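Undergrad: For reference, the structure I am asking about is given below.
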Amino acid sequence: MHIATTHKGTDFDAFASLMAVTLIYPETVLILPKTVNPNVKAFLSIHKDVFEDLYTSDDIDPAKVERLIVVDTNNWSRLDRINKLSSKKDLEIFLWDHHVNVGDISATWKCQEEKGATITLMVRELKEKKVSLTPILSTLFFSGLYEDTGNLTFPSTTHEDAYAAAYLLENRADLTVINSFLRPAYGEKQKNILFEMLQSGSRVTINGFNISFSKIEIDGHVEALSVVVLMYRDILNVDAAFGIFVDKVKDKCMVIGRSNIDALNIGSIMRIMGGGGHPGAGSAVVKTSNPSAVEEWIKELIEGNQQASVKVSDLMSFPVLTVPSDTPMKKVADILRNKGCTGLPVVHDDKIIGVISRRDFRKIRSEAKLQAPVKAFMSTDVKTIEPWRTPMQAVRIMVKHDIGRLPVVEDGKILGIITRSDTMAYFYDLLPG
Ligand SMILES: [Mn+2]
């Protein structure tokens, strides 16, 4: 048996490198430490169906392990409860790491070079071997690269990291997805600007949208302003927020918009203003030092905005296969198998009362229990969503509760179902080409 693992508190570089192992060494069992960092956790939660073959150290028998592949660390103490392997004789150890001169793992074979990220070394290998990458994997690898190199700005960044970045973009890594999972730089300067924005902001309602504007003066270029506007929007909990940053010296205004709802497409507003962006975020530079004129212009554009909105009801599947609450588990198992689905809503008198998934069958230890009704095993804590909500709202609920599908419900009745893959298909289809 060949296994691969990485360090505890798994970050994107570590997780990306672990996933890359399966492309370089097929048939390797991946051991994910129990502690992963919050960004990776959110990523995993929404991509669960893609990265389902992950195990913990409890799942393996050390006696059967012939090869151990370690990525992104060179320390036994940083691995999650597999220290017993350190004393095992005849164990082949392969090491992929960008930290040099540290650690106590003596590898049989290693690729250990000082680079900005471990994934850089692995991408180089994948490129040489001409292994094809899916957009999702490229996106994950890019996240690891960006996180460990601070978007290629840390001094540890090498030219090879930049080559790897280019290669991943060539393989359709999605920067929009990456930006939403990596927490970008937020320092003292940004904090002060946010504080000033909160003090000077105004709120209006246009076409039923709650929108906030904040106009402030800045001198020179400030990093990560879009993050500040995002935080400003989050704190005020409005549908959309605009920061209008006046640069008196250069006689221009930098506009940054953030929207929380698909119905208000920032990208299309910004394109009219000479900038660009996507539905959730965008920016433009306007040649004027009068921020009020810019605010008026945005208001006019929103008033006339005919942007079609994408709702949960546009993405959901229907009709929905459901099972009555008195269906025996045996029959539920047959349906799941025959229809190839991982879970089903349970109904009583047309109303949804629970959800049964493949995982629930783990509770069943005896054949006799298979005759029991589904209501005894279903989970009753059902999360649902209304049809008029946005795909992003669906994603938030799925991430928060770590679930893969949401029944779409109106007045207690199921209209359809939206799954993790539906939302993923939607977000990845936003990619041009
Ligand atoms: Mn790393």
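Undergrad: Suppose the filter is among the β-branched types (Val, Ile, Thr), within 27 Å of Thr342 (Cβ to Cβ) and more than 16 Å from the ligand (Cβ to nearest atom); does Thr56 pass it?
TA: Yes, satisfied.
Undergrad: A follow-up question, please. Given the structure, is Thr153 at pLDDT below 90, within 16 Å of the ligand (Cβ to nearest atom), of a type in the set (S, T, N, Q) and at negative phi?
TA: yes
Undergrad: Quick one: is Val100 outside any loop (DSSP other than H, G, I, E, B) and either in the same structural domain as Thr149 (by TED's automatic domain parsing) or within 12 Å of the ligand (Cβ to nearest atom) (or both)?
TA: Considered against the rule, which asks whether it is outside any loop (DSSP other than H, G, I, E, B) and either in the same structural domain as Thr149 (by TED's automatic domain parsing) or within 12 Å of the ligand (Cβ to nearest atom) (or both), Val100 comes out as no.
Undergrad: Take the stretch 126-150 and flag every residue that is away from the ligand (no atom under 16 Å from the Cβ) and closer than 17 Å to Asp72 by Cα.
TA: If the condition is that a residue be away from the ligand (no atom under 16 Å from the Cβ) and closer than 17 Å to Asp72 by Cα, then Leu126 is the only one that fits.
Undergrad: Among the candidates Lys115, Lys129, single out the residue that is closer than 25 Å to Asp174 by Cα, crowded, with 18+ Cβ neighbours inside 10 Å and not β-branched (Val, Ile, Thr).
TA: Exactly one of Lys115, Lys129 is closer than 25 Å to Asp174 by Cα, crowded, with 18+ Cβ neighbours inside 10 Å and not β-branched (Val, Ile, Thr), namely Lys115.
Undergrad: Would a scan of the stretch 65-76 turn up a residue that is farther than 21 Å from Ala165 by Cα, part of a loop (DSSP other than H, G, I, E, B) and away from the ligand (no atom under 16 Å from the Cβ)?
TA: yes
Undergrad: So, one more: Which residues, counting only those in the stretch 238-277, are farther than 19 Å from Met392 by Cβ, β-branched (Val, Ile, Thr) and not in a strand (DSSP E or B)?
TA: Hits for the stretch 238-277 are Val249, Ile272.
Undergrad: May I pose another question? Filter the stretch 1-39 down to the residues that are assigned to a helix (DSSP H, G or I) and without any contact (Cβ under 8 Å) to a residue 40 or more places away in the chain, then identify the one that is farthest from the ligand (Cβ to nearest atom).
TA: For the stretch 1-39, the residue satisfying everything is Thr22.
Undergrad: Quick one: how many residues across the stretch 103-142 are within 21 Å of Pro26 (Cβ to Cβ) and either outside the structural domain of Asp72 (by TED's automatic domain parsing) or of a type in the set (Lys, Arg) (or both)? Give the steps one after another, and end with the answer.
TA: Initial filter on the stretch 103-142 (within 21 Å of Pro26 (Cβ to Cβ)): 107-111, 118-119, 121-138, 140-141.
From what is left, the residues that are either outside the structural domain of Asp72 (by TED's automatic domain parsing) or of a type in the set (Lys, Arg) (or both) are 110, 124, 127, 129-130.
Final tally of qualifying residues: 5.
The values are calculated or read from the model by the stated rules, or taken from the named source; none is laboratory data. Only a predicted model underlies this, so the values are computations on that prediction, with no experimental measurement involved. As a convention, Cβ positions derive from the backbone with ideal geometry for all residues, glycine included, and neighbour counts pool all protein chains shown.
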